[in-house]
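The values are calculated or read from the model by the stated rules, or taken from the named source; none is laboratory data. Every value quoted in this text rests on a predicted model; they were computed, and no experiment measured them. With ideal geometry, Cβ positions are generated from the backbone for all residues, glycine too; neighbour counts draw on all protein chains shown. The accessibility values were calculated without ligands, DNA or RNA, using every heavy atom of the protein model including side chains. Shrake-Rupley method; radii C 1.70, N 1.55, O 1.52, S 1.80 Å.
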Amino acid sequence: LALDPQTPAIIYAGTGSGVFKSTDGGASWSAINNGLTYKHVTALALDPRTPAIIYAGTNGGGVFKSTDGGANWSAINNGLTSTDVRALAINPQTPAIIYAGTWGGGVFKSTDGGASWSAFNNGLTNTIVYALALNPQTPAIIYAGTRGGGVFKSTDGGASWSAINNGLTD
């Protein structure tokens, strides 16, 4: 799910059938899948400054981007070698910086709004990433939740990672 930060009645839901949009707080939904060639959507993220820009992570199709509130989608996978995207996070201070957590490929980072991606896995010993969270005051601090590997933390924008699992059990 993703909520429009400027218009909270607008909600997006990623499903096994694509992306759905509600403009009335969830009372009704419409499919918005034009150009979305992989419809198993596993992650959604909205640009916090321009919420009409939406990113959708898919199971097998990588990342798709819409610049018109979901009316149209385009694949943005240049450099993204793992196409099973399970988590997305956008830097709230610099929305052109986006992170994608993948199944088997670790974390990828884009600094140009998704036009290109690079793997950022130095120290990340588990490459199945289910969750990503950025510190809103210091977005260079990122957390990655992994399958079977626990939680990892980066303090340098994803350039390096350290496990922070002391006392954490799964």
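Among the listed values (1) 44, 32, 30; (2) 37, 36, 31; (3) 95, 31, 26, the one computed from these coordinates for Cα extents along the principal axes in Å is (1). Here's the list of aspartates and glutamates a cross-link from Lys39 could span, going by alpha-carbon distance under 14 Å and ignoring same-chain residues fewer than 8 apart: Asp84. The calculated FRET efficiency for Arg49 paired with Ala13, based on their beta-carbon distance and R0 = 22 Å, is about 0.50.
One decimal place: the segment Ser28-Leu1 gains 8.3 nm when fully extended, by the rule 0.36 nm per residue minus the C-alpha distance. Solvent-accessible area assigned to carbon and sulfur over the stretch 1-113 amounts to 50 percent, based on a 1.4 Å probe. Surface exposure of the stretch 1-108, expressed per residue as accessible area with a 1.4 Å probe, stands at 40 Å².
Here each label is just a point 7 Å from Cα along the line to Cβ, and for Thr37 and Ser116 those points are 2.2 nm apart.
Given the C-alpha centroids of the stretch 47-75 and the stretch 1-41, what is the distance between them in whole angstrom? If we compute the Cα centre of each part, the gap is 11 Å.
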